[in-house]
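Here is the structure we will look at, set down as structure tokens.
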Amino acid sequence: MSSRKTTGLVSSRQSGVADSLKHSLFISELEKIARSHQQFPFSCVSSSSLLRLAISHNITFSRAQYLALKHKILPERYIRNFSSISLAEQTRLAESRILLVGLGGLGGYILEILGRSGVGSFILADGDYFEESNLNRQILGTVDTLEKSKVEAARTRLEIINPFCRCQAIFSFLTRKDLPGLMENVDLVVDALGGIEFRQILLEETSRAGLPLVTGFVAGTTGLASTVYPGGKNPSAFWQGRSGDGAENRLGNMATIVSLIASVQAAEVIKILTEQQSGMAGKVFLADFESLTFDLLEM
Amino acid sequence: MKIQVSCFATLSKYNPPDGYLEVEDGATPAHILDKLSIPRDEVKIVFVNGQNSGKEVVLKENDRVGIFPAIGGG
């Protein structure tokens with residue numbers, strides 16, 4: 001028993017040494033192809049060069065990106081994030097893992113923004129298929145994805161907008177018992193659900209897991225977003241009743257407000273992951289296009 | 001006294017014409033709901049001057065009252 005353990009340890013050490021050697025060769029070649037810029041405090045590398053180098057060194061794309069950032073080499077795809085996002089913050093984003101629940105109206109735009117911005121790892125969950133009534137607002141819904149899984153469309157989209165992201169796609173409607181296991185592996189949860197029924201459960205389980213929740217909810221031309229820290233104030237008063245009771249069932253959802261609230265949620269996620277001050281903790285951001293009202297309400 | 005009232009989403013049809021309502025001193029958001037004939041069970045949360053204040057707080061001249069139904073679309 002003890003010799004098997006020792007063998008395992010030696011083998012794990014050997015593998016660690018091999019990885020370390022592989023990484024130092026990778027970094028040495030990366031530093032040769034990286035270009036320095038006078039106006040930036042870091043070097044840059046094109047995404048295509050970084051991808052080729054990762055393949056030739058048998059390193060995953062996400063690992064290659066992480067190693068580049070750690071060595072102050074920024075993939076050029078993020079150059080226009082600077083200086084709103086510093087190199088250190090870009091590195092934090094690349095190390096971050098989020099659970100995004102719902103890939104419909106809000107979730108599609110949130111994924112688009114966070115994938116492009118450089119969040120490193122996503123768990124995506126949705127058990128729904130696209131239908132024609134989604135096409136007015138859901139960016140992942142197209143004539144090609146009708147009747148197809150929303151979460152699969154999301155995974156496909158993420159692959160083509162940012163191959164450095166890691167993605168686990170779960171094609172099912174999550175239940176309470178699914179959540180603790182998933183939340184062990186993330187830094188933050190995004191509520192992009194449709195309907196009020198599951199929101200309270202997601203809120204409770206996120207709080208139990210000790211994670212921040214960034215939530216958004218819309219109806220017609222009215223939308224709201226909020227950040228909830230464990231034990232903090234939350235907007236669950238908006239979610240009283242059964243799923244059919246939400247105003248969205250009578251008013252529908254306009255693309256204008258859906259994309260705006262998704263942007264507010266994505267901005268908040270970036271702030272939290274880069275350790276900036278949350279702007280919506282204990283508060284609710286309100287936007288209404290009918291009356292052109294924009295406000296930050298205290299819960 | 002004059003109170004600024006904003007009803008959102010399905011409740012927007014109850015908005016007073018110019019956004020203001022004349023009420024008596026001592027009035028509360030609950031009085032406003034009655035005055036505008038807004039069904040109580042459709043109102044899930046009320047804000048006064050941007051604060052989640054409930055329906056029973058006593059209002060002052062020029063207070064802003066925001067009235068919301070259940071909202072959960074995505």
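The values are calculated or read from the model by the stated rules, or taken from the named source; none is laboratory data. Everything quoted here is computed from the prediction, not taken from an experiment. Here the Cβ positions follow ideal geometry from the backbone for every residue, glycine too, while neighbour counts run over all protein chains shown. Ligands, DNA and RNA are stripped out before the accessible areas are found, and what is left, the full protein with its side chains, is counted by its heavy atoms. Shrake-Rupley method; radii C 1.70, N 1.55, O 1.52, S 1.80 Å.
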Estimated 222 nm signal from helices in chain B, with DSSP H stretches of n ≥ 4 weighted -39500 (n - 2.57), rounded to 500 = -2500 deg cm²/dmol
At most 12 other Cβ atoms within 10 Å and a DSSP loop assignment: could you name the GluC sites (Glu not before Pro) in segment A:259-290 that fit?
-> A:E275
Kirkwood Rh, Cα atoms: Rg over Rh of segment A:57-102 | 1.02
Structure-based [θ]222 nm, chain A - -39500 (n - 2.57) summed over DSSP H runs of at least 4, per residue, nearest 500 | -13000 deg cm²/dmol
Neighbourhood charge, 10 Å Cβ-Cβ cut-off, centred on A:F164 and excluding it, Lys, Arg +1 and Asp, Glu -1 | +3
Per residue, how much accessible area does segment A:199-299 have with a 1.4 Å probe, in Å²?
-> 38 Å²
Rounded to two decimals, the Debye log10 I(q)/I(0) of chain B (Cα scatterers, no solvent) at q = 0.19, 0.28 Å⁻¹ is -0.68, -1.54
HN-Hα J in Hz across segment B:62-69 - Karplus 6.51, -1.76, 1.60, θ = phi - 60°, x for Gly and Pro = 6, 4, 9, 10, x, 10, 10, x
Highest first, please rank the peptides B:51-64, A:160-173, A:203-216 by the mean number of other Cβ atoms sitting within 10 Å of their residues.
-> A:203-216, A:160-173, B:51-64
Which value, in Å², gives the accessible area per residue of segment A:48-116 when a 1.4 Å probe is used on the protein heavy atoms?
-> 40 Å²
For segment A:196-217 and segment B:35-60, what is the separation of their Cα centres, given in Å?
-> 25 Å
Just which residues of segment A:244-267 lose 30 Å² or more accessible area with every protein chain there, against their chain alone, with the probe set to 1.4 Å?
-> A:A247, A:R250, A:L251
Hey, how much of the P(r) for chain A falls beyond 29 Å, as a percent of Cα pairs?
-> 41 percent
Average partner coverage of A:215-223, which counts Cβ from other chains inside 10 Å | 5
With every protein chain in place, chain A: carbon and sulfur % of accessible area (1.4 Å) | 51 percent
For segment A:2-85, just the Cα set please: Rg and Dmax, both in angstrom.
-> 16.3, 57
Mind listing the phi-derived Karplus ³J(HN,Hα) values for segment A:128-133, rounded to whole Hz, using 6.51, -1.76 and 1.60 with θ = phi - 60°, and x for any glycine or proline?
-> 9, 10, 6, 10, 4, 5
Per residue, how much accessible area does chain B have with a 1.4 Å probe, in Å²?
-> 45 Å²
Cα centre as origin, Lys/Arg/Asp/Glu Cβ charges: chain A dipole, Debye = 1340 debye
How many square angstrom of accessible surface are buried between B and A, both sides summed, with a 1.4 Å probe and rounding to 100?
-> 2000 Å²
Inter-centroid distance (Cα atoms) of segment A:78-98 relative to segment A:57-71, Å = 15 Å
Over chain A, what relative contact order in percent results from Cα pairs under 8 Å that are six or more residues apart?
-> 15 percent
